[in-house]
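Colleague: I have a structure I would like to understand better, so I am pasting it below and will then ask my questions one at a time.
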Amino acid sequence: MEVSFKEEIASLQLGAGEVFYGEGILAITKALLQSGVAYVGGYQGAPVSHLLDVMVQAKDYLQTLGVQVQACSNEAAAAAMLGASIHYPIRGAVTWKSIVGTNVAADALANLSSPGVIGGTLIVVGEDYGEGASVVQERTHAFALKSNMLLIDPRPELSHMVEMVEHAYALSEASNMPAMMELRIRACHMRGSFIAKDNKKPKISQHAALRDPADFSYAKLAHPPATFVHEKLKISERLPAAQRYILDHHLNEHYEGKQTDVGIIIQGGLYNTLIRALHQCGVADVFGQSDIPLLVLNVTFPLVPEQITQFAENKKSLFIIEEGAPAYIEQEIATALHRKQSTTHLHGKDLLPAAGEVNAEVMMQGLVKFFKQALPELDTQPLQAALAATATRRNVIAEKCDAQLPARPPGFCIGCPERPVFAALKMAQQDVGPLHIAADIGCHSFATFEPFSSGHSILGYGMSLASRAGVSPVMQRRVLSIMGDGGFWHNGLLTGVQSALFNGDDAVLLIFKNGYTSATGTQAIISTPDEKIKSAAVDKLMSLTATNTTIEKTLEGLGVQWLKTVHAYRVSAMRDVLKEALTTEFSGLKVIIAEGECQLERQRRIRPWLAELLKHGKRVVRVKYGVDEDVCTGDHACMRLSGCPTLTLKDNPDPLKVDPVATVIDGCVGCGLCGENAHAATLCPSFYRAEVIQHPRSLERLVAQLRRVFFNFIQPA
Amino acid sequence: MSQQPISLLICALGGEGGGVLTKWLIDVARLSGYAAQSTSIPGVAQRTGATTYFIEVTLQTLASLNGRQPIFSLSPIPGSVDAVISSELLETARCASNGFPSPDRTLIISSSSRSLTVPERTHGSDGRLSSTELTKIIAEVCRCHHVFDMQAIARKHGTAVSAVMLGAIAASDIFPFPKEMYQQVVRDSQRGASASLAGFEAAWTIIKNANSPIETVQQLMHEIASTSIHPAISQHFPAVLHPLLQLAYERLVDYQNTAYAQLYLQRMQLIVKAESKVGAEQQHHYAASLEVARYLALWMAYDDVVRVADLKSRALRKHRVLKEVRASASDVVKIYDYLKPGLPELAGYLPRSWAIKLLNWEKNRTARGKEPFALPLQLATHTVTGLLLLRVLSAVKYVRRFGYRYQEEQALMMRWLDAVIKACEENGELACAIARCGRLIKGYGTTNQRGKDNLIYTIDVISQHSFGHVSERIQAINQLLQAASADDTGKAYDKTLQALGLSARPVKAQPIRWMPKSR
């Protein structure tokens, strides 16, 4: 990737007493180094991409510490890396986006948790849940429960999060359980500060490598009959050890309050929202001093039953605030109280919505209900009035807008090489009829939004080709599977291509070869253009993806016989090759590679180069597309094939015409799609391409002047 | 202290520098000695989706709090946000519709600029939301608001909108930070500091000098110079029609010649005469004539490759392009035009019998699955040959009237005019509705053909079917007009037909491609 993390890398090197300023996920990264981590791995994905990106770029510094960093090919690979801590007392950390990443890693995680670890292992999962999330909505909690892993959900404050990382390692070593730390989206992107400590060099590392492997021990294998013993150990030894550590080190925080009849138990990650909600109710100040006793669970698995029952003692009512479904924590607390024959009333999902994010408003609504029952003397009228006022404001606007305001989902970047392919696909379907399209995870899933509204299913990252295996046989037309190069290497090569070849499937696969895993933040992969080629390129404007043919060679090596590569911006050619793949006599796997470098990365690459050329007075050609406003028909067919943010509308300057005309605004990178679409779809003849030549050659200048003279004679006003 | 920290919600689009703005604000707070926290939902925001950032700052300095820090909220609470700043008008309205700002507490600073959403852009005629309505929504949910064009200021000073937003925040005094501290932080940032500071200053000045909190969103009203109305118009038509007819007259003289423009006026005479017969209470001030005046002129000046060549070879056009691409005087600019004339374009200029033969030949070819014959050109119009070619092509207009297309168009527009005239006898509003269907006629090639098909079908279906009352017919026409513009596949149109109790149009024959599939 072309983004530089110079500042972030500097803050990773802060020493004891210095103040760290930055985002939550970077604080966690620093905390790993302060905890003496020996190896780090993971797979990129919001909201935790930064952890790995910064680490990968900080390789030189990490080398001095002896920390090994690995950009893994998927989450399963990352989880398997933690196996190092089964035999050796070294600390490891891996990261990914959850729930999806944890799903992919599940096999390795189960096999890691069974024998257990002796070196602390920490999995930093970005809990992609609620507002801003981009994946299926499920709880990571389930994995902690089923595989017996620690689950840390820290109160979102940087120093506390950093402290909890250090505790997580100690806890993992005390209990032999792998630890997971779930960080919600906003916590990852929260900017704050903490006082740094020195980074610790791992005792065993590449600088101090082990001479001999550990002795053979069957008990360390996730293999029968050891697995039966592991299952029992989890319950008889590991859980009690973890619970002891949690109690001894006060990992869960108990805040006293004067309303001793009631209490709230909450996940650590929701603490800040709770304090603000209680403040709105008038029962807490903004510093966190609450009238209601609180038990903040910074460790949500395992719970410590005696801590819960002790907190519940002498309380008439308890309110469990837990996010998402199923309500695992509430169920466990209910069991604990029931076993103790507690008379405390337990509230939770009866007062909160069973599904979805628990934001401040949801929490306030729940608190009002709780206080009405448990603390009737408390005046909740002002809060109820405020909640009602908000609802009224919303309703008034909803009525006024007639319907919903149009959504603004993310879309392809300006000049994205994937947009033209979907334009071609739209045109191809006009000829061959509508297709069943198996979509995938990646930037190309933005084609599910308007104007393309394309794709029937998304079964996971790299799963598109595999997901058509059941559809194809029952469909008269061929099915198209779409995959990015990120998805191809993550999973698609094996689950899709290999399986289709082995079974001799009549399948069509379209691979976007843009050179990066762009949707996760343009990380490099094995088919990314080489750094040396990038710096040696004379014309840096060219897409450089063609210089790396790992995907093509892999496919050929695997036995793909029908393989065509088309440049993504050649819309007519792409349409024709799509039609060919969908109608050819060849009945095996047909692969089309749409080649075109990720525009984000290309721009980052060429912008400094162009600036440098201009500074030195060198010739630079800038391309911009435009629309002749008096020729544009105002039927917006071009928009339905593009959706580019720079191709938009303006009022019709012609007083006779009423419909707005198309216009290309600043920001156009001259990708060429407008012109390609104009020809391929036979749109109106209003598009033009302008090449602005800065610092032209003298001959160019002369020709231009001569033309001007001639034009003055024959050109009408 | 039990008062909440000061809260600011930033609404922006991905890639606009919301992250930079947030970091600037956090740095300003730190340098000024206040504790602050920010969070965001960036997601995949670099790709132009809507996104928000949230910042909280303590009311007092860290020193006066003795190091005690409030528990900052990670998300805004509806109704208790102190300020909202937004770089786009719809996003401001969205924020309002989510209930975040409240009339007793919130200051809203919003850009008046719009970045149109895809559904707004893909609509067949005009799907844009009204900025006036959006501004009204905003005005009602806050204690005070400033609306101005942040993007224009950013463009003017060659900076990102984030710098302009920072200036507006600084000037609004929602945070207790001195102006110099904001400027200091911008200066310390690596790139483009001077441009950012200029944008900052411009926004500062606008907020500080805002007398009326609202910058009225100007509706672009096209004023028509009523300097000299042609006597043929001023003497024979009611005054309300003069400006439009004058425009139309000039357009048609430019398009073809004076005789053609006179033909237009003759046709308009028929409409005006018909509408004059409508009862006085139903005349609607020549509403139908006004509609016909506009759409008949546009139809008569139908777009074809000759007209395009003419428009693209004018000097004015070149100046417009140079301005649009921001070329400086020392730059050399090359212009390539995308044209793709096909056989129907050629046939349009041939005599009727030849044209029909040619079109039938083409029809047979495409029926066999072949691509329609067309010549994709990237014409270098900045060159001498390119310009000459366009001039030669535009000269073909002198034989336009003898061609097949001309005759076809005239015949179809007469059908529409007849329908309007006939409706005038029945009901003024009905005539008006049919006249408005002229809006469907626009564009080139298939777009143009689809528009004509829809128009003629609408006229026919409405006249052939019996509706209970004339108001139902008017309603049906309006619905069909809307559906015809809504999508280009005709699905919406057919659905509307069915909803009206009519049958959908018969399926058009289309070549089928068989896909072999061995298993």
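Every residue, every condition in (1) part of a loop (DSSP other than H, G, I, E, B); (2) out of contact with any Asp or Glu (no Cβ under 9 Å at 6 or more places or on another chain); (3) touching a residue at least 60 places away in the same chain (Cβ under 8 Å); (4) outside the structural domain of A:MET483 (by TED's automatic domain parsing), yes or no:
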| residue | (1), (2), (3), (4) |
| --- | --- |
| A:LEU501 | no, yes, yes, no |
| A:GLY504 | yes, yes, yes, no |
| A:SER535 | no, yes, no, no |
| A:ASP539 | yes, yes, no, no |
| A:ILE551 | no, no, yes, no |
| A:LEU563 | no, no, no, no |
| A:VAL577 | no, yes, no, no |
| A:GLU585 | yes, yes, no, no |
| A:ARG607 | no, yes, no, yes |
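Colleague: Would you point out the residue of region B:442-460, among those that are at the interface with another protein chain (Cβ under 10 Å from one of its Cβ atoms) and of a type outside the set (D, E, K, R), that is nearest to B:LEU502 (Cα to Cα)? It would help to see each step written out before you state the result.
Modeller: Within region B:442-460, the subset at the interface with another protein chain (Cβ under 10 Å from one of its Cβ atoms) is B:442-448, B:450-451.
From what is left, the residues that are of a type outside the set (D, E, K, R) are B:443-448, B:451.
Values: B:GLY443: 28, B:TYR444: 29, B:GLY445: 28, B:THR446: 25, B:THR447: 24, B:ASN448: 24, B:GLY451: 20 Å.
Ranking the qualifying residues of region B:442-460, first place goes to B:GLY451.
Colleague: OK, next. Among the candidates B:SER75, B:SER110, which residue alone is assigned by TED's automatic domain parsing to the domain that holds B:ASP149 and at pLDDT 95 or above?
Modeller: One residue alone meets the criteria, B:SER110.
Colleague: Take the residues in region B:76-90 that are assigned to a loop (DSSP other than H, G, I, E, B) and more than 9 Å from chain A (Cβ to nearest Cβ); name whichever of them is surrounded by the fewest Cβ atoms within 10 Å (Cβ to Cβ). First the steps, then the outcome.
Modeller: We begin by selecting, within region B:76-90, every residue assigned to a loop (DSSP other than H, G, I, E, B); these are B:76-82, B:87-88.
Adding the requirement that they be more than 9 Å from chain A (Cβ to nearest Cβ) leaves B:81-82, B:87.
On the way: B:VAL81: 23, B:ASP82: 21, B:SER87: 27.
Checked region B:76-90; the qualifying residue surrounded by the fewest Cβ atoms within 10 Å (Cβ to Cβ) is B:ASP82.
Colleague: With respect to A:LEU510, is the statement that it is more than 13 Å from chain B (Cβ to nearest Cβ) and either assigned to a helix (DSSP H, G or I) or within 15 Å of A:ARG602 (Cα to Cα) (or both) true?
Modeller: Details: more than 13 Å from chain B (Cβ to nearest Cβ): yes; either assigned to a helix (DSSP H, G or I) or within 15 Å of A:ARG602 (Cα to Cα) (or both): no.
No.
Colleague: On to the next question. Give the residues of region A:280-293 that are in contact with a strand residue (DSSP E or B) (Cβ under 9 Å, 6 or more places away or on another chain) and either in a helix (DSSP H, G or I) or surrounded by fewer than 24 Cβ atoms within 10 Å (Cβ to Cβ) (or both), sorted by residue number. Steps first, answer last, please.
Modeller: We begin by selecting, within region A:280-293, every residue in contact with a strand residue (DSSP E or B) (Cβ under 9 Å, 6 or more places away or on another chain); these are A:283-284, A:288-293.
Of everything in region A:280-293, those that are in contact with a strand residue (DSSP E or B) (Cβ under 9 Å, 6 or more places away or on another chain) and either in a helix (DSSP H, G or I) or surrounded by fewer than 24 Cβ atoms within 10 Å (Cβ to Cβ) (or both) turn out to be A:VAL283, A:ALA284, A:GLY288, A:GLN289, A:SER290, A:ASP291, A:PRO293.
Colleague: What about B:ASP418, is it in a helix (DSSP H, G or I), at pLDDT below 90 and more than 14 Å from chain A (Cβ to nearest Cβ)?
Modeller: no
Colleague: Scanning region A:679-709 for residues that are at the interface with chain B (Cβ under 7 Å from one of its Cβ atoms) and farther than 22 Å from B:LYS323 by Cβ, which turns out surrounded by the fewest Cβ atoms within 10 Å (Cβ to Cβ)?
Modeller: Among them, the one singled out is A:HIS679.
Colleague: Return the total of residues in region B:333-353 being away from every other protein chain (no Cβ under 13 Å), outside any loop (DSSP other than H, G, I, E, B) and touching a residue at least 40 places away in the same chain (Cβ under 8 Å). Spell out the reasoning first.
Modeller: Of region B:333-353, the ones away from every other protein chain (no Cβ under 13 Å) are B:346-353.
Those left that are additionally outside any loop (DSSP other than H, G, I, E, B): B:346-347, B:352-353.
From the residues that got through so far, the ones that are touching a residue at least 40 places away in the same chain (Cβ under 8 Å) too are B:347, B:352.
Final tally of qualifying residues: 2.
Colleague: Also, I was wondering about something else. When you scan region B:115-138, do you find a residue that is touching a Lys or Arg at 6+ places or on another chain (Cβ under 9 Å), acidic (Asp, Glu) and under 23 Å from B:ILE55 (Cα atoms), even just one?
Modeller: No - not one qualifying residue is present in region B:115-138.
Colleague: What are the pairs, 6+ residues apart or on separate chains, where a residue within region A:506-518 that is surrounded by fewer than 24 Cβ atoms within 10 Å (Cβ to Cβ) has its Cβ under 9 Å from a residue that is part of a loop (DSSP other than H, G, I, E, B) and of a type in the set (Ser, Thr, Tyr)?
Modeller: Between residues of region A:506-518 that are surrounded by fewer than 24 Cβ atoms within 10 Å (Cβ to Cβ) and residues that are part of a loop (DSSP other than H, G, I, E, B) and of a type in the set (Ser, Thr, Tyr), the close pairs are A:ASP506/A:SER587; A:ASP506/B:SER518.
Colleague: Picking from A:THR648, A:THR633, which residue would you name as being of a type in the set (S, T, N, Q), at the interface with chain B (Cβ under 10 Å from one of its Cβ atoms) and assigned to a strand (DSSP E or B)?
Modeller: Details: A:THR633 fails: assigned to a strand (DSSP E or B).
Answer to the check: A:THR648.
Yes/no matrix, rows are residues, columns are (1) touching a strand residue (DSSP E or B) at 6+ places or on another chain (Cβ under 6 Å); (2) assigned to a helix (DSSP H, G or I); (3) of a type in the set (Asp, Glu); (4) free of Cβ contacts under 8 Å to residues at least 40 places away in the same chain:
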| site | (1), (2), (3), (4) |
| --- | --- |
| B:LEU358 | no, yes, no, yes |
| B:TRP361 | no, yes, no, yes |
| B:GLU371 | no, no, yes, yes |
| B:LEU390 | no, yes, no, no |
| B:LEU412 | no, yes, no, no |
| B:CYS432 | no, yes, no, no |
| B:LYS452 | no, yes, no, no |
| B:PHE467 | no, no, no, yes |
| B:ARG473 | no, yes, no, no |
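Colleague: Now for a different question. Name the pairs: first residue in region A:438-451 and outside the structural domain of A:GLY596 (by TED's automatic domain parsing) and β-branched (Val, Ile, Thr), second residue surrounded by fewer than 22 Cβ atoms within 10 Å (Cβ to Cβ) and at pLDDT 95 or above, Cβ to Cβ under 8 Å, at least 6 apart or on different chains?
Modeller: So the pair list comes out empty.
Colleague: Given the conditions (1) in a loop (DSSP other than H, G, I, E, B); (2) on the phi < 0 side of the Ramachandran plot; (3) touching a residue at least 40 places away in the same chain (Cβ under 8 Å), and given that A:GLY667 satisfies all but one, which numbered condition is not satisfied?
Modeller: Of (1) in a loop (DSSP other than H, G, I, E, B); (2) on the phi < 0 side of the Ramachandran plot; (3) touching a residue at least 40 places away in the same chain (Cβ under 8 Å), only one is false for A:GLY667: (2).
Colleague: OK, next. Testing A:CYS674 on (1) more than 7 Å from chain B (Cβ to nearest Cβ); (2) assigned to a loop (DSSP other than H, G, I, E, B), one condition comes back false. Which one is that?
Modeller: (2)
Colleague: Scan (1) aromatic (Phe, Trp, Tyr); (2) buried (at least 24 other Cβ atoms within 10 Å of the Cβ); (3) in a strand (DSSP E or B) for the single condition A:PHE143 breaks and write down its number.
Modeller: (3)
Colleague: Right, next: Give me the residue from region A:294-320 that is assigned to a loop (DSSP other than H, G, I, E, B) and either of a type in the set (S, T, N, Q) or not assigned by TED's automatic domain parsing to the domain that holds A:GLN259 (or both) and, out of that set, nearest to A:PRO156 (Cα to Cα). Full working, then the answer.
Modeller: First pass over region A:294-320, keeping only residues assigned to a loop (DSSP other than H, G, I, E, B): A:298, A:302-304, A:313-316.
Within this subset, residues satisfying the condition of being either of a type in the set (S, T, N, Q) or not assigned by TED's automatic domain parsing to the domain that holds A:GLN259 (or both) are A:298, A:314.
On the way: A:ASN298: 10, A:ASN314: 30 Å.
Among those that are assigned to a loop (DSSP other than H, G, I, E, B) and either of a type in the set (S, T, N, Q) or not assigned by TED's automatic domain parsing to the domain that holds A:GLN259 (or both), it is A:ASN298.
Colleague: Please find, among A:ALA105, A:ALA93, A:ALA80, A:ALA76, the residue that is more than 24 Å from A:SER518 (Cβ to Cβ), modelled with pLDDT of 95 or more, assigned to a helix (DSSP H, G or I) and assigned by TED's automatic domain parsing to the domain that holds A:GLY192.
Modeller: Details: A:ALA105 fails: more than 24 Å from A:SER518 (Cβ to Cβ); A:ALA93 fails: assigned to a helix (DSSP H, G or I); A:ALA76 fails: more than 24 Å from A:SER518 (Cβ to Cβ).
When all the criteria are applied, what remains is A:ALA80.
Colleague: If you don't mind, another one. When you go through (1) within 14 Å of chain B (Cβ to nearest Cβ); (2) of a type in the set (Phe, Trp, Tyr); (3) under 29 Å from the mean Cα position of the chain (by Cα) one by one for A:TYR169, which number turns out not to apply?
Modeller: Only one criterion in (1) within 14 Å of chain B (Cβ to nearest Cβ); (2) of a type in the set (Phe, Trp, Tyr); (3) under 29 Å from the mean Cα position of the chain (by Cα) is unmet by A:TYR169, namely (1).
Colleague: Using the structure shown, decide if A:THR547 is buried (at least 21 other Cβ atoms within 10 Å of the Cβ), among the polar types (S, T, N, Q) and more than 14 Å from every other protein chain (Cβ to nearest Cβ).
Modeller: So A:THR547 does not fit the description; no.
Colleague: Answer yes or no as to whether A:ILE397 is buried (at least 20 other Cβ atoms within 10 Å of the Cβ), free of Cβ contacts under 8 Å to residues at least 24 places away in the same chain and not charged (D, E, K, R).
Modeller: In short, yes.
Colleague: Just one of B:SER73, B:SER110, B:SER64 is more than 9 Å from every other protein chain (Cβ to nearest Cβ) and buried (at least 22 other Cβ atoms within 10 Å of the Cβ); which is it?
Modeller: That would be B:SER110, the only listed residue that is more than 9 Å from every other protein chain (Cβ to nearest Cβ) and buried (at least 22 other Cβ atoms within 10 Å of the Cβ).
Colleague: I need a count of the residues in region B:308-332 that are more than 8 Å from chain A (Cβ to nearest Cβ) and under 24 Å from the mean Cα position of the chain (by Cα).
Modeller: Result for region B:308-332: 3.
Colleague: Taking into account only those residues within region B:242-264 that are polar (S, T, N, Q) and surrounded by fewer than 19 Cβ atoms within 10 Å (Cβ to Cβ), which is farthest from B:VAL396 (Cα to Cα)? Don't jump to the end; show me each part of the working.
Modeller: Our first condition is that a residue be polar (S, T, N, Q); within region B:242-264, this holds for B:246, B:256-258, B:262.
If we keep only those that are surrounded by fewer than 19 Cβ atoms within 10 Å (Cβ to Cβ) as well, we get B:257-258, B:262.
Details: B:ASN257: 13, B:THR258: 17, B:GLN262: 21 Å.
The qualifying residue farthest from B:VAL396 (Cα to Cα) is B:GLN262.
The values are calculated or read from the model by the stated rules, or taken from the named source; none is laboratory data. A quick note: this is a predicted structure, and the numbers were derived from the prediction, not measured. Positions of Cβ are generated from backbone atoms using ideal geometry, with glycine treated the same way; all protein chains shown enter the neighbour counts.
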